[in-house]
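Note sheet for the following structure.
Each reported figure results from applying straightforward, stated rules to the coordinates on display, with no laboratory input. Everything quoted here is computed from the prediction, not taken from an experiment. Backbone-built Cβ (ideal geometry, glycine too); neighbour counts: all protein chains shown.
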Amino acid sequence: MSVDLTTRYLGLTLGCPIVAAASPLTATVENAQRLEEAGAGAIVLPSLFEEQIEGEALDMFDAPAGLLDAPPFGSATLCSELDDYNTGPDFYLRKVESIKRSVSIPVIASLNGAATGDWVRFAALMQGAGADAIEVNIFVVPVSPHVSGHDVEQRYLNVVRAVRKQITIPLAIKIGPFFSALPHFAQGVFEAGADGLVAFNRYLAPDIDLEHLSVAPSIHLSTRSELAQTLRWIGILRDQTDRSLAALTGIHEAEDVLKALAVGADVVMTCSALLQGGIGRLTVMRNGVRDWLEMHGYDSVDQFRGCISRRASGEADAFVRGNYTKAVASYLQPPT
Ligand SMILES: Cc1cc2nc3c(=O)[nH]c(=O)nc-3n(C[C@H](O)[C@H](O)[C@H](O)COP(=O)(O)O)c2cc1C
């Protein structure tokens, strides 16, 4: 008997718990179809950025009177590099429509912003274009000593509330790992209207070009060792919420998917593995998960999910300081 991989995420039914994360890979109809054939449970489209949308909206305010009747976000191009990345605001909506028409798996549109503004209205347009859900990647880098952690969290929550007001479809919030009290913050995100949390985004920090003594953008793909942080926090959050949890960063192999499911993730998302190994990697992961569950006597992914969340593991301390002390001690033991 084949293992049932059916999964619920954000109230949607997915045929498999592996989701293609936001990246250029999910930007075309052809790749969306290939990802569906490879067994993806859903796809997240690349993000449209606050800066792109606000740029176009500002242009609209400067336009001659007649042009103001044109559909919003439909004209000028600012942020041309970003527009090359995700086709820009107007084409983005057409992309959502065409990808939705060509696949039957859920299509999640993505926004990326740092503060409330007019750009949140775009979530409603994405819903109108047929998106099954919206994922908002919120990325704030506080540089002022006058801005506290509380201020930063409130800024995130204001964005969640503002986007929530725009849409009736499910909303997922994608965050990074750098919060002093993540469970409290996650609860705030849910209370503000999110149906799920994507943990974690992986921040790309700038590099320094020594030759030109300048700041250089840098991009490195993730490695499997980065998964540990995600596992800890999904394991801790799982026992405290019924909302959806997506595990992200460092998922490269079937074993990584299984570990994330074991600590309680509803789905996993993967990006670097697919950029490195191609879309076929997703099938390898999916088959690996199915075979492992079958070999270990599970009928479904639901039956396996959460078996090693913090509470279920019976080793609650291992998710907090206990892991640290044990790990340090084990390293100091002389080889036998
Ligand atoms: C080339 C590239 C483009 C990406 N574009 C987006 C994006 O548009 N929106 C977004 O939320 N995340 C984006 N990400 C982040 C990924 O979705 C993911 O959060 C991150 O790579 C960690 O997952 P991984 O370990 O599977 O790579 C991008 C990552 C890469 C490498």
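Observations on the structure shown:
- Most mobile listed residue (SER23, SER98, SER214) in the chain, GNM with C-alpha springs under 10 Å: SER214
- Cα gyration tensor shape of the stretch 126-242, rounded if a/c is under 1.5, else prolate or oblate by comparing a/b with b/c: prolate
- Computed magnitude of the charge dipole of the chain (debye, nearest 20; Cβ of K, R +1, Cβ of D, E -1): 1060 debye
- Taking a ≥ b ≥ c as the square roots of the eigenvalues of the Cα gyration tensor, the stretch 187-336 is classed as rounded, since a/c falls below 1.5.
- From largest to smallest, the equivalent ellipsoid semi-axes obtained for the chain from the alpha-carbon gyration tensor read 34, 24, 20 Å.
- Summing Lys and Arg as +1 and Asp and Glu as -1 over all other residues whose Cβ lies under 14 Å from the Cβ of VAL263 gives a net charge of +1.
- Using the Cβ-Cβ distance between ALA124 and GLN240 with R0 set to 35 Å, the FRET efficiency from 1/(1 + (r/R0)^6) comes to roughly 0.70.
- With a simple spin-label model that places each label point 7 Å from the Cα along the Cα-to-Cβ direction, the separation between VAL143 and GLN276 comes to 3.2 nm.
- Considering only beta bridges that DSSP places wholly inside the stretch 190-336, some 30 percent are antiparallel.
- Efficiency of FRET between GLU255 and THR28 - r from beta-carbon atoms, R0 22 angstrom, step 0.05: 0.15
- Most mobile of GLU253, GLU315, GLU36 in a GNM of the chain (Cα contacts under 10 Å): GLU315
- Projected label points at SER2 and SER225, each 7 Å from Cα along the beta carbon direction, are separated by 3.9 nanometres.
- Förster radius 41 Å - calculated FRET efficiency between ALA329 and ASP209, Cβ distance, rounded to 0.05: 0.45
- Counting only DSSP beta bridges whose two residues both lie in the stretch 7-332, roughly 15 percent are antiparallel.
- Label zone at THR116 (point 7 Å along Cα-to-Cβ), backbone N below 17 Å, the stretch 183-217: 188-194
- The chain: most fluctuating residue of GLY130, GLY280, GLY250 per GNM, C-alpha cutoff 10 Å: GLY280
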